[in-house]
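S.K.: Structure below; questions to follow.
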Amino acid sequence: MRSSGLAVLLVTGLVTAMAHVGSVPAAATEPSTTATAPPKEVITDFADPEVIQVGATVYAYSTSSSRGTVPVASAPSASGPWTIRGDALPTRPSWAAKEGGFWAPDVSRRADGQYLMYFTAPSAANERMCIGAALSTRPLGPFRPIDGGPLVCDPREGGDIDPASFVDTDGKRYLLYKNDGNALNNGTPSIIWLQKADADGITLVGPRKELIRNDRDVENGVIEAPVLIKRPTQYVLFYSGGPYCGNDYFTSYAVSSSLAEPFSKADRPLMTTETLDGAVRGPGGADVLGEHIFFHGWVGKCLEGGTRSTYTADLGWANDRPVVRGSRAAS
């Protein structure tokens, strides 16, 4: 789900070419103003896709659905064909409530060969969403939750959601996540945090660092779904913005030359319903695998029986800033 925000009317196009203070200037090579090669729908009813490659096989994981707590699929390539392979997390952790979905899983391989899954689950103790972890010897699972409670869980900041792993070129491992401030409806900020971790990905080290927060009107109080990529000249932080429930959800990014420096948001979203000419409605929850970006979009109406399918599109770069093929420049 990657969001507990309620649908609020968001007018796509409020993000203009005018630079905001601290924003990223437009790339030297802009995407075409006419969308071509629209994104391809690859997995139905598969929200918040997390995608990894192990050998010649690609694996994808999603938010809970009728297929399981964390449905998992596999394919011989990023474009498919995809086959649902079952539930990667069949056992709920002891700290999680008996009811409620698990959101936005993240899977990475540790140096010891084990696969580490981060997930978001409802806490039985405080009724907020919290971040947990599980391990498996295989990418298909079954993943077994670690003992000792959630990794991150602070109801005072709205709970914590949307975990993502990042391993830098120096081998240091980090956990990214969002505190779900918008869930409180009292002005608590929603912030994307960077937290250093030991090699096990479970032991958190030192204080966390704020990367970005919900500080633009176009976001309607919501940012989430972080994914961090290291490019030759800078770090690129993909994120989603706006209320997840409908067409107004979008994908954008921010950049920084160093993890120690502030991140600057791009002037314009990377993907919106408008820039994709309606081929995907509410494109968000994105993940990156090589030259492909995966994300979900609505099929049907949110809260009225609608589901979110996973789509993929070609991902290019201009001056180390992302360009999605099929998404024209926002006006």
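S.K.: Taking the Cβ of A37 as the center, what net charge do the other residues with Cβ under 12 Å away carry, scoring Lys and Arg +1 and Asp and Glu -1?
M.R.: Once all neighbours under 12 Å are counted, the net charge is +1.
S.K.: Just want to confirm a number: the relative contact order over the stretch 40-324, from Cα pairs under 8 angstrom separated by 6+ residues, in percent.
M.R.: Once normalised by length, the contact order is 15 percent.
S.K.: Can I ask one more? Return the distance in nm (one decimal) between the two label points of a simple spin-label model at D217 and R144, each offset 7 Å from Cα along Cα→Cβ.
M.R.: For D217 paired with R144, the spin-label model returns 5.4 nm.
S.K.: Using the Cα centre as the reference, give the magnitude of the dipole from point charges on the C-beta atoms of the chain (Lys, Arg: +1; Asp, Glu: -1; all else neutral), rounded to the nearest 20 debye.
M.R.: Dipole size: approximately 380 debye.
S.K.: Estimate the FRET efficiency between D200 and A125 by the formula 1/(1 + (r/R0)^6), using the beta-carbon distance for r and 22 Å for R0, to the nearest 0.05.
M.R.: E between D200 and A125, to the nearest 0.05, is 0.35.
S.K.: Under a cut-off of 26 Å between alpha-carbon atoms, report the lysines in cross-link reach of K265, not counting same-chain residues fewer than 8 places apart.
M.R.: K172, K178, K196, K209, K230
S.K.: Considering the values (i) 0.91; (ii) 1.49; (iii) 1.18, which represents Cα Rg over 2.2 N^0.38 Å as calculated for the structure under consideration?
M.R.: Label (i) holds the value from this structure.
S.K.: By the scheme Lys and Arg +1, Asp and Glu -1, what is the net charge of all other residues having a beta-carbon under 12 Å from that of H292?
M.R.: It works out to a net charge of -1.
S.K.: To continue, here is another question. Quick check: residue separation of S77 and T233 times 0.36 nm, minus the Cα distance between them. What number comes out in nm?
M.R.: 53.3 nm
S.K.: Could I ask something else about it? Given the options Y177, L89, F263, identify the residue whose Cα lies farthest towards the positive end of the charge dipole of the stretch 40-324 (+1 on Cβ of Lys, Arg; -1 on Cβ of Asp, Glu).
M.R.: About the Cα centre, the residue reaching furthest to the positive side is L89.
S.K.: Counting Lys and Arg as +1 and Asp and Glu as -1, what is the net charge of the other residues whose Cβ lies under 13 Å from the Cβ of T91?
M.R.: Taking every Cβ under 13 Å from that of T91, the sum is +1.
S.K.: Quote the relative contact order of the stretch 193-331 in percent (integer), defining contacts as alpha-carbon pairs under 8 Å separated by 6+ residues.
M.R.: Rounded, it is 16 percent for the stretch 193-331.
S.K.: Evaluate E = 1/(1 + (r/R0)^6) for T91 and N319, where r is the Cβ-Cβ distance and R0 equals 45 Å; express this FRET efficiency to the nearest 0.05.
M.R.: In this case the efficiency is close to 0.50.
S.K.: Report the full-extension gain for the segment T44 to K98: residue separation times 0.36 nm, less the Cα-Cα distance, to one decimal in nm.
M.R.: Result for the pair: 16.8 nm of gain on full extension.
Throughout, read-outs are computed from the coordinates displayed, never taken from laboratory work. Here the structure is a predicted model, which is why all the values come from computation and not from measurement. All Cβ positions, glycine included, derive from the backbone under ideal geometry; neighbour counts span all protein chains shown.
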